[in-house]
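Here the structure is laid out as structure tokens; the discussion comes afterwards.
Derivation of every value follows stated rules applied to the coordinates shown; laboratory data play no part. Everything numeric here is computed off the predicted structure, so don't read it as measured data. Ideal geometry is used to build each Cβ from the backbone, glycine not excepted, and the neighbour counts take in all protein chains shown.
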Amino acid sequence: MSNYFVTGATGFIGRRLVEKLLEREGTVYALVRPESVGKIDALRESLAEGDRLIPIEGDLGQPLLGVSDAEIKRLSSEVTEFFHLAAVYDMTADEERNRMANVEGTRHAVELANALGARMHHISSIAVAGDHKGNFREDMFDEGQPLTHPYHRTKFEAEKIVRTDSTTPWRVYRPAIVVGDSRTGEMDKIDGPYYFFKAIQKARGALPAWVPLIGPELGDTNVVPVDWVAASIDHIAHLDGMDGRAFHLANPKPQASGDVLNTIARAAHAPQMAMRVDAGLLDALPKGTFSLAMQLPALKGVRKAILADIGIPDQVLSYVGLTAQFDTRDSELALADTGIELPALDDYAWKLWDYWERHLDPDLFRDRSFEGAVAGRTVLITGASSGIGRAAAIKIAAAGGVPLLVARSLDKLEELKAEIEASGGSAWAYSADLAEIDSVDDLVSRVLADHASVDFLINNAGRSIRRSVALSYDRFHDFERTIQLNYLGTIKLIMGLLPGMRERRSGHIVNVSSIGVQTGPPRFSAYVASKAALDAFTRVVASETISEEVTFTTIHMPLVRTPMIAPTKIYDSFPTISPDEAADLICEAIRSKPKNINTRLGTFGEIAYALAPKAVDQVMSAAYKVFPDSAASKGESDPSEKASTEQIALAHLMRGIHW
């Protein structure tokens with residue numbers, strides 16, 4: 001009968017290995033720091049044979065792991081197998097942390113295993129291969145391979161200590177990149193391919209799953225589930241004749257990183273990369289050109305911002321692709337006919353995704369509440385007397401924000417202000433005509449006299465005109481009216497409040513644009529052009545203010561049932577969102593401050609036009625014929641006007657577009 005000593009027993013691999021060891025006869029002694037005994041107690045309670053799991057107080061950073069002489073004397077007559085799992089498994093950890101845990105910790109573990117006279121089972125990693133190119137066999141170790149990352153160096157040095165300093169028999173296990181449990185999806189941290197899960201989630205939120213994407217091919221990778229790794233270690237550790245050997249617990253077939261990410265994307269019902277650009281193409285550049293360019297401050301800032309947005313640490317990206325392929329013949333032979341088979345990623349990827357989204361998604365652990373973002377902040381809202389603006393103001397006040405209500409109709413604003421105050425909130429009312437530049441200047445002066453700052457600006461006021469260009473030849477004022485309010489008045493207000501935001505290095509501006517800017521529906525040339533101008537202004541100015549922590553969100557709003565669309569009677573039968581739902585989008589812009597808030601159809605419209613503009617023109621031309629000019633656009637009134645069956649069907653097919 002074997003008894004075991006285990007370091008890292010409560011770790012990700014460790015607790016599963018302990019469970020397997022306890023299925024055998026014998027006692028498991030687990031190293032634990034005095035302040036962490038509760039972790040072992042919790043593990044004992046979770047295991048069927050937990051009464052045979054005994055904590056031994058010590059410390060990885062101390063000689064002989066800090067285990068007392070009395071304990072060493074007692075255990076030396078009992079422990080036959082020593083499993084060393086405690087280590088830092090983190091590509092983002094600094095060199096000192098890696099060295100203390102991986103190198104010095106292993107040195108102390110070998111000392112204790114020698115003192116106990118126990119066989120040493122060292123859980124190493126395929127990282128010992130470093131940047132070796134080509135096949136790396138299980139009997140290979142020191143092949144002169146480059147070890148450019150601290151993690152790679154310390155895992156190599158740790159295994160070297162086991163090989164050179166052990167006075168007892170030893171075995172080494174080199175797992176590949178370990179992901180969650182293939183049965184439950186359980187994972188304990190963000191690591192390996194999990195760094196890309198947020199990017200997949202963002203793609204799913206922006207685009208339908210059937211949209212093909214173009215992305216990078218970062219090289220080969222190798223992922224294996226933790227339950228298979230633990231079962232493999234347990235089995236090989238109990239075979240005869242395996243001492244002095246290393247075993248690659250890896251997929252025998254290299255996995256392209258793009259294939260792995262596409263498998264996860266399928267599990268997440270997210271778009272997949274139909275075309276992948278090989279990062280090796282950069283090798284065609286003169287040596288050092290790309291790396292030198294990426295050291296320029298401007299490009300480093302761009303890289304950092306992009307990676308931060310999708311949650312990928314900068315230091316990880318360069319090490320995604322493996323240069324070595326790992327021969328697994330010895331481990332395959334050891335596991336033959338045992339039923340311990342490496343499952344295909346396709347079979348359990350959905351479990352990994354589900355567990356990540358329910359338990360590990362970083363957004364779950366942040367104060368991402370709307371209340372936290374807006375409480376005590378001043379929020380200026382234009383077009384606040386009705387529709388979207390009114391609904392947004394009520395939500396903001398209910399969350400503890402102070403809405404500054406702006407519209408032409410002071411009486412409606414006062415009614416809304418009274419309603420907010422009656423509910424326990426606070427609000428201010430300001431009458432202004434944003435189509436008049438002097439009125440905007442006066443508004444800015446009054447607001448800044450009353451308030452130390454404006455934290456959020458919601459540019460919601462707008463004018464929409466639905467009229468074909470054929471009916472607009474003698475109505476040039478349609479274009480002047482829309483551009484005056486939707487663009488000129490809006491940017492005048494932005495420029496009035498922007499200096500204060502930049503000086504305070506704090507502020508967020510939300511522009512309510514239109515899905516029409518993305519899709520270009522016919523009969524909205526005046527309206528879409530004015531919103532497109534605001535989009536272009538925002539895109540340019542955002543790059544000038546982001547370093548001062550003043551940011552912008554553009555909401556490409558779908559069709560909303562407000563008084564603005566009432567004159568077009570066919571809209572009565574069209575699918576729309578309510579002002580309350582539209583206000584939720586504004587609240588989301590305040591809460592999370594994204595660059596854009598788009599519908600999937602709107603985003604697809606942009607992509608489709610970029611790839612096949614003539615085809616999109618044909619689709620829009622067909623829609624132009626299906627949806628005629630309304631009676632209102634001709635200056636007429638037709639109470640019997642209503643949508644046809646064909647119009648309603650197309651409106652539902654392309655939900656949210658302003659036809």
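Here are the numbers for this structure:
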| quantity | calculated |
| --- | --- |
| DSSP-loop trypsin sites (Lys or Arg not before Pro) across the stretch 352-442, with at most 16 other Cβ within 10 angstrom | R366, R368, R408 |
| Order of I586, I491 under a 10 Å beta carbon neighbour criterion, fewest first | I491, I586 |
| Nearest-0.05 FRET efficiency for M495 and T184, computed from C-beta distance (R0 56 Å) | 0.55 |
| Within-13-Å neighbourhood charge of A429 [Cβ basis; K, R +1; D, E -1] | -1 |
| Relative contact order, percent, the stretch 1-149 [alpha-carbon distance under 8 Å, six or more residues apart] | 22 percent |
| Those aspartates and glutamates that a straight Cα-Cα span of less than 15 Å connects to K39, excepting residues fewer than 8 apart in one chain | E19, D51, E57, D59, D188 |
| FRET efficiency estimate (nearest 0.05) - Cβ-Cβ, E371 to R475, R0 51 angstrom | 0.65 |
| Loop chymotrypsin sites (Phe, Trp or Tyr not before Pro), the stretch 168-248, which have at most 16 other Cβ atoms in a 10 Å radius of their Cβ (DSSP) | W210 |
| Sorted by Cβ neighbour density within 10 Å, fewest at the top, the residues Y609, Y4, Y29 | Y609, Y29, Y4 |
| Proxy reagent accessibility, fewest Cβ within 10 Å first, across M187, M620, M100, M1 | M1, M100, M620, M187 |
| Chain lengthening between A612 and D354 when straightened (0.36 nm per residue, less Cα-Cα) | 89.3 nm |
| Cβ-defined net charge surrounding V179, 12 Å radius [Lys, Arg +1; Asp, Glu -1] | -3 |
| Rel. contact order, % - alpha carbon contacts under 8 angstrom, at least six apart, the stretch 4-365 | 19 percent |
| Environment charge at G401 (Cβ cut-off 12 Å; Lys +1, Arg +1, Asp -1, Glu -1) | +1 |
| Between the stretch 456-510 and the stretch 122-183, the alpha-carbon center distance in angstrom | 61 Å |
| Pairs beyond 18 Å (Cα-Cα), from K73/K160; K531/K595; K202/K593; K417/K593; K202/K595 | K73/K160; K417/K593 |
| Loop-resident sites, the stretch 457-562, for trypsin sites (Lys or Arg not before Pro), counting at most 15 other Cβ within 10 Å (DSSP) | R505 |
